[in-house]
Amino acid sequence: MRRIAYSLGLVLVGVGLMVIAGFMLLPSVAAQTPTESELPLPSTLPLDEYEQQLFQFLESKRYQELGWVRDKRVRDTGPFIDGVSYGTHPAVRIYYSPEVYSWLQNGREGELPDGAMIIQ
């Protein structure tokens, strides 16, 4: 029981550090002006129709073509203890839609608009 609590504590600390480090890794200015996804808003279509369009967008990596801002480095998804990864899955690179990037740059004030995305 004590080991589980210790491991959970390490995971929570690792996640907290990822959030802090991730914000610091954002580039100050994108090399190109990012473009919105061109996807319909999720609330405007039945789920199966929206998922088809979303999956095509993700599988084609359209967000890269649109110049979405990404973290400068790949992120671990959990802590390393004695050289062993306790992440939930392999390391990831995070991409931010223009709406999310603007929200981050403006101090995370207000709500994110419908359709804003963070892709990992």
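Exactly one of (1) at pLDDT below 90; (2) of a type in the set (A, V, I, L, M); (3) surrounded by 13 or more Cβ atoms within 10 Å (Cβ to Cβ); (4) out of contact with any Gly (no Cβ under 9 Å at 6 or more places or on another chain) is unmet by Val100. Its number? Going through (1) at pLDDT below 90; (2) of a type in the set (A, V, I, L, M); (3) surrounded by 13 or more Cβ atoms within 10 Å (Cβ to Cβ); (4) out of contact with any Gly (no Cβ under 9 Å at 6 or more places or on another chain) one by one, Val100 breaks only (1). Where the second residue is among the aromatic types (Phe, Trp, Tyr) and not in a loop (DSSP other than H, G, I, E, B) and the first is over 21 Å from Gly67 (Cα atoms) and free of Cβ contacts under 8 Å to residues at least 24 places away in the same chain and lies in the range 37-51, which pairs have Cβ atoms under 9 Å and are six or more apart or on separate chains? Between residues of the range 37-51 that are over 21 Å from Gly67 (Cα atoms) and free of Cβ contacts under 8 Å to residues at least 24 places away in the same chain and residues that are among the aromatic types (Phe, Trp, Tyr) and not in a loop (DSSP other than H, G, I, E, B), the close pairs are Thr44/Tyr50.
Could you please find all residues in the range 36-45 being under 12 Å from Tyr96 (Cα atoms) and either modelled with pLDDT under 85 or among the charged types (D, E, K, R) (or both)? Glu36 - this is the single residue of the range 36-45 that is under 12 Å from Tyr96 (Cα atoms) and either modelled with pLDDT under 85 or among the charged types (D, E, K, R) (or both). Glu109 meets the conditions (1) at positive phi; (2) exposed (fewer than 10 other Cβ atoms within 10 Å of the Cβ); (3) touching a helix residue (DSSP H, G or I) at 6+ places or on another chain (Cβ under 8 Å) in every case but one. The failed one is (1). When the range 52-94 is limited to residues that are assigned to a strand (DSSP E or B) and free of Cβ contacts under 8 Å to residues at least 24 places away in the same chain, the one that is surrounded by the fewest Cβ atoms within 10 Å (Cβ to Cβ) turns out to be Val84.
Being without any contact (Cβ under 8 Å) to a residue 60 or more places away in the chain and more than 11 Å from the chain's Cα centre (by Cα) is the filter here; which residues of the range 95-104 pass it? Passing the criteria: Ser102, Trp103. Scanning the range 95-120 for residues that are among the aromatic types (Phe, Trp, Tyr) and either part of a loop (DSSP other than H, G, I, E, B) or touching a strand residue (DSSP E or B) at 6+ places or on another chain (Cβ under 8 Å) (or both) turns up Tyr95, Tyr96, Tyr101.
The values are calculated or read from the model by the stated rules, or taken from the named source; none is laboratory data. Model, not experiment: these values are computed from the prediction. Note: ideal-geometry Cβ built from the backbone for every residue, glycine included; neighbour counts use all protein chains shown.
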